[in-house]
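Following: one structure in structure tokens, then a few remarks.
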Amino acid sequence: MMFCMSNTMQEQIEQLVNSSRLEYFISLLDQIPRSSWDLIVRNEPEWKYFQGIYEKYGFSRFAVLLMTAALNSYQLKGKAELNYWKILARYIKTNNTPTSSQELHKILKEFYEKERLPKGKLKRLERFLKSDLANDIWNRDALVIEENFQSIWQRLSETMQQKPNAKTICFSMKCLGISLLMSERSDFDFSCISIPVDSRVEAFTKKMKLINKFSPDIIQMLWNHILWSLQEKNSFLTMIHIDSFIWQIAMLNATKLKNYLSEFHLDSLHDEFIEFIDYMT
């Protein structure tokens with residue numbers, strides 16, 4: 001699976017990067033085995049807090065739920081993993097399993113009425129859950145969604161009236177990808193879908209000092225370049241893996257990073273990663 005990157009984009013990144021630091025960072029990521037990458041994705045709050053809901057909902061309705069939650073994952077009350085995903089999962093478990101996207105809308109409406117910026121989130125909730133796209137996903141099995149992944153991305157962008165690489169669009173597609181991975185399907189085309197540039201990804205990217213200019217588009221181009229470089233040896237990698245790893249380590253200090261790497265069987269990379277992180281600070 002090759003990542004979409006034009007020659008112009010490639011040239012632009014090459015003019016902005018600190019080449020030696022970038023090459024070293026890519027070499028560190030390149031040493032992470034597939035087994036660890038898989039564990040890292042399973043450590044995402046959308047996976048670990050929602051596993052039981054997936055087993056109860058089944059693929060199709062679960063995919064719609066997770067995509068919806070991603071579309072409204074902005075301006076939260078606190079840390080996303082604790083103040084949004086964990087609380088939302090707990091709330092969902094107190095409700096009956098919906099039989100239609102309209103029923104899911106009623107369940108989530110009560111939740112988002114109590115969240116920050118409720119007016120905007122309720123509008124997005126209605127726009128997606130009452131769309132033909134949500135209805136189609138609700139009534140299709142995982143194989144069909146896997147085969148039509150790229151077209152769903154374009155339809156989601158049109159449905160939500162946002163650019164394809166907007167943060168919540170990319171994140172919603174990541175959540176659709178996670179839904180497929182939970183159903184043991186991984187042959188979907190995630191190429192061209194960029195990293196969702198939230199506050200953690202932006203802060204970590206700036207801290208690494210790999211580039212000398214910053215904007216959401218440039219940050220996405222940088223991570224696209226990193227993914228493309230890694231895919232030369234690791235064709236299974238997608239932006240789902242990269243985003244999961246960066247999002248999870250972005251706020252860790254050296255001690256917590258060491259514990260994190262150990263948890264995912266990356267003890268051999270302790271010193272190199274910590275030295276690199278310390279160098280950044």
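The values are calculated or read from the model by the stated rules, or taken from the named source; none is laboratory data. Computed from a predicted model, the values in this text were never measured in an experiment. Here the Cβ is made from the backbone with ideal geometry for all residues, glycine too, and neighbour counts use every protein chain on show.
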Handout entry: Options 254, 203; residue that is more than 19 Å from the chain's Cα centre (by Cα) and not basic (Lys, Arg)
Key = 254
Practice task
Scan region 55-69 and report the pairs whose first residue is in the same structural domain as residue 131 (by TED's automatic domain parsing) and whose second residue is surrounded by 22 or more Cβ atoms within 10 Å (Cβ to Cβ) and acidic (Asp, Glu), with Cβ atoms within less than 8 Å and a gap of 6+ or a chain change.
Solution key: 66/46; 69/46
Practice task
Mind listing whichever residues of region 51-101 are of a type in the set (Gly, Ala, Ser) and either crowded, with 16+ Cβ neighbours inside 10 Å or closer than 27 Å to residue 185 by Cβ (or both)?
Solution key: 52, 58, 60, 63, 69, 70, 73, 80, 89, 100, 101
Completion exercise
residue 223 passes all but one of the listed conditions (1) in a helix (DSSP H, G or I); (2) surrounded by fewer than 18 Cβ atoms within 10 Å (Cβ to Cβ); (3) hydrophobic (A, V, I, L, M, F, W, C); the exception is number (2)
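This table checks each residue for (1) surrounded by fewer than 22 Cβ atoms within 10 Å (Cβ to Cβ); (2) part of a loop (DSSP other than H, G, I, E, B).
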| site | (1), (2) |
| --- | --- |
| 156 | no, no |
| 164 | yes, yes |
| 168 | yes, no |
| 184 | yes, yes |
| 194 | no, yes |
| 214 | yes, yes |
Exercise for the section: Report whether or not residue 261 is assigned to a helix (DSSP H, G or I), over 17 Å from residue 44 (Cα atoms) and of a type outside the set (Gly, Ala, Ser). Expected result: no
Handout entry: Residues satisfying the stated conditions in region 100-127, i.e. assigned to a helix (DSSP H, G or I) and polar (S, T, N, Q)
Key = 101, 102
Practice task
Report yes if some residue within region 109-123 is touching a helix residue (DSSP H, G or I) at 6+ places or on another chain (Cβ under 7 Å) and under 15 Å from residue 175 (Cβ atoms); otherwise report no.
Solution key: no
Completion exercise
Listed by first then second residue, the pairs whose first member lies in region 96-121 and is of a type in the set (Phe, Trp, Tyr), whose partner is part of a helix (DSSP H, G or I) and surrounded by 12 or more Cβ atoms within 10 Å (Cβ to Cβ), with beta carbons under 8 Å and at least 6 positions apart or on separate chains, are 111/88; 111/91; 112/118; 112/121; 112/122; 112/125
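For (1) closer than 20 Å to residue 67 by Cα; (2) basic (Lys, Arg); (3) modelled with pLDDT of 95 or more, each residue gets a yes or a no:
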| site | (1), (2), (3) |
| --- | --- |
| 191 | yes, no, no |
| 204 | no, no, no |
| 207 | no, yes, no |
| 215 | no, no, no |
| 224 | no, no, no |
| 240 | yes, no, yes |
